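Student: Please find one structure pasted underneath; my questions will follow.
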Amino acid sequence: MVASLLVGVAVVLGAPAPKEPPKKASIVGEWAGEKAVAGGRDLPVPEGGITFTFTDDGKMIVREGKRKDDTGAYKIDPKKDPPEIDLTPPADKKDKTILGIYKLDGDTLTLCFSRGGPGGARPSKFESPAESEIIVITLKRVKK
């Protein structure tokens, strides 16, 4: 009896600890603009670059070159297919939400939304056909 109890304790103590579940990828962090396509045409990266920063508390900060930072908000729904993102510009600019989709692949974040601004329909594909109001932006995670 004592021997079987000791064997049981040894098995439990020798078993590997349960692994933590893998962290889900997140858009939280700073992202640098790499490429943009609007209406089927490549857009140049703005002089001085562009970065998007997404915070844990739902804030979005856009820094374009030497211009003053624009701060807005965002919400994501990663359970949708494709995952959805809603961008809310600062209240002093426009008071409506821009509907988009996003794709996260390692250190690459792709955003797709209507360039027509608030009130535009949410895109369903990561494409920007010629003459369309759809913009696709490719961003790379900024390494700290």
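Every number here is computed from the coordinates shown, using simple stated rules; none is lab data. What you see is a predicted model, and the numbers here were worked out from it, not measured in a lab. Here the Cβ positions follow ideal geometry from the backbone for every residue, glycine too, while neighbour counts run over all protein chains shown.
Student: Kindly provide the set of residues from the range 33-54 that are over 19 Å from Arg141 (Cβ atoms), surrounded by 15 or more Cβ atoms within 10 Å (Cβ to Cβ) and not small (Gly, Ala, Ser), ordered by number.
Tutor: Across the range 33-54, the qualifying residues are Val37, Leu43.
Student: So which residues in the range 59-80 are in a loop (DSSP other than H, G, I, E, B) and more than 11 Å from the chain's Cα centre (by Cα), if there are any at all?
Tutor: Here is the first cut: in the range 59-80, the residues in a loop (DSSP other than H, G, I, E, B) are 65-69, 78-80.
Hits for the range 59-80 are Gly65, Lys66, Arg67, Lys68, Asp69, Lys79, Lys80.
Student: Looking at the range 109-124, which of its residues are of a type outside the set (A, V, I, L, M, F, W, C) and touching a residue at least 40 places away in the same chain (Cβ under 8 Å)? Reasoning before the result, please.
Tutor: Step one: filter the range 109-124 for residues of a type outside the set (A, V, I, L, M, F, W, C), giving 110, 114-120, 122-124.
The answer is Arg115, Ser124.
Student: Further question on the same structure: Report the residue count in the range 51-69 for those that are more than 18 Å from Lys144 (Cβ to Cβ) and β-branched (Val, Ile, Thr).
Tutor: Matching residues across the range 51-69 total 1.
To keep it simple, each residue is scored yes or no on (1) closer than 16 Å to Trp31 by Cβ; (2) without any contact (Cβ under 8 Å) to a residue 40 or more places away in the chain; (3) surrounded by 14 or more Cβ atoms within 10 Å (Cβ to Cβ).
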| residue | (1), (2), (3) |
| --- | --- |
| Asp56 | yes, yes, no |
| Lys59 | yes, yes, no |
| Arg63 | yes, yes, yes |
| Gly72 | yes, yes, yes |
| Pro82 | no, no, yes |
| Tyr102 | yes, no, yes |
| Asp107 | yes, yes, no |
| Ile134 | no, no, yes |
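Student: (1) part of a loop (DSSP other than H, G, I, E, B); (2) touching a Phe, Trp or Tyr at 6+ places or on another chain (Cβ under 9 Å); (3) more than 20 Å from Ser26 (Cβ to Cβ): which one isn't true of Glu127, the others all being true?
Tutor: (2)
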